[in-house]
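Read-outs: derived from the displayed coordinates by stated rules, not from any lab. As the structure is a computational prediction, the values presented were derived from the model and not from experiment. Using ideal geometry, Cβ is built from the backbone for each residue, glycine included, and neighbour counts are taken over all protein chains shown.
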Amino acid sequence: MAETDGQYHVNVGPDWMQGRTLYGGISAALCLRAVRLAFPDLPPLRSALIAFAGPSAGDVHIRPTMLRQGKSAAFVTADLTSEAGFGVHATFCFGASRVSAKRQVLLEMPSLPTPEEVFRPKPKDRVLPHFTDHFDMRVAKGALPISGATDADICWWLKALDSHEDFAEATLLALADAPPPAALSLFDSFTPLSTMTWMVDFLSDQHTSPDGWYAANLKSEAIADGYSAQNSYLWASDGKPLLACRQTVALFG
C-alpha cells in the first residue's frame, strides 16, 4: 500500500470482487490498514462503523483522518474511493486497555460439530463470488444459503486461507463479513443483496484463533420493505468471543 500526500493507494485484483464491487470485508480491512499505517501508535481497535455508499473496484484510494485523539481513546475516519467513485466511509474507535472493576461475558459459543465434520457448500447452478476463494466457509448449523428455509439463523466455521499474523486485526475484520447474510437462506433462488451499514465491536485484544478456525453465528432478526437487520457474533475456536456485529442489508427480491 503506497502513500502520497496522506492518501494510501492499492490496486485490488478481481479475485476480491463480489459482482461489480469489492466485497465489503476487504474494503473495510483496507480502510483499517490505511489507518494503522497513517497512525501507527494507535491503541487496540474497539469498534468500527462502516457505510458502504457505493461500489468499489480496481485502483483504490483511502484517506485516513484523525478526528480526535485523547489520553486513552482515538477516533479516526477513512474514506475509500476508486475508479467507480466514492465507495466506503469508515469510522474507527481505538481505546487503550485498563483495569476494570467488573468483568462479564455472556456470549457463549454455540455447541457445534467440528470443521472436519461439516462441509463447504458449493451451489450447482451458479459460480461463487470470486472473493470466496480466499476463505474456507462451512455451514455448521442451520439452513444453507438459498434453500427456502423458514429460519434465518446460521452458524459457520470460517478460516482465512491467506492470513498473516502482522495483519491479524484486519484479517479478522475481513473474515467477519465473508459469509452471506442469513436472510439469503430464506430464498429458494438467488437474490441480489448488498450490505449498507455494518457495525463491529471488538470484544478482545485477541485477533487470532488457536487452529485458524472461527465460529460465527448470523441471525436475521427482521426482514421487511427490502431490508434485513442482522446480528452476528464471532468466536475463536476455543470459545473466546471476539466480535459482535450489527448489519443492515438491502435485498433486491
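Extension gain for the segment N11 to E83, taken as residue separation times 0.36 nm less the Cα-Cα distance, is 24.9 nm to one decimal. Length, then width, then depth: along the principal axes, the Cα atoms of the chain run 49, 48, 35 Å. Under the simplified labelling scheme, the H164-R103 pair shows an inter-label distance of 3.3 nm, with each label point 7 Å from Cα along Cα→Cβ. Every helix of 4 or more DSSP H residues in the chain counts as -39500 (n - 2.57), and over all residues that averages to -3000 deg cm²/dmol at 222 nm.
Between beta-carbons, use under 12 Å as the cut-off and find the net charge around Q18, counting Lys and Arg +1, Asp and Glu -1. It works out to a net charge of -2.
Rg ratio for region 1-96: its Cα radius of gyration over 2.2 N^0.38 Å, N being its residue count, equals 1.05.
Spin-label pair D41-S147: with each label point 7 Å from Cα along the Cα-Cβ axis, the two points sit 5.1 nm from one another. A crude spin-label estimate for the pair T208 and R120, with each label 7 Å from Cα along the Cβ direction, gives 2.2 nm. Highest average first, the peptides 236-246, 102-112 ordered by how many other beta carbon atoms sit within 10 Å of their residues are 236-246, 102-112.
Comparing M17, H89, M66 along the charge dipole axis of the chain, the residue lying farthest to the positive side is M66, per the Cβ-charge model. Per-residue 3J(HN,Hα) values for region 41-57, derived from phi via the Karplus relation 6.51 cos²θ - 1.76 cosθ + 1.60 with θ = phi - 60°, read 9, 5, x, x, 6, 10, 7, 9, 10, 10, 10, 8, 7, x, x, 9, 6 Hz in sequence order (x marks Gly and Pro). For region 191-221 versus region 77-117, the spacing of their alpha-carbon centroids is 7 Å.
Counting Lys and Arg as +1 and Asp and Glu as -1 over every other residue whose Cβ lies under 13 Å from the Cβ of R46, the net charge comes to -2. Taking amide H as placed 1.01 Å from N in the peptide plane, the amide H of S56 sits under 5 Å from that of L22, each at least 5 places away or on another chain. Fewest neighbouring Cβ atoms within 10 Å first, the residues W156, W213 line up as W213, W156. For A149, the residues 5 or more places off, or on other chains, whose built amide H falls under 5 Å of its own are L186, F187.
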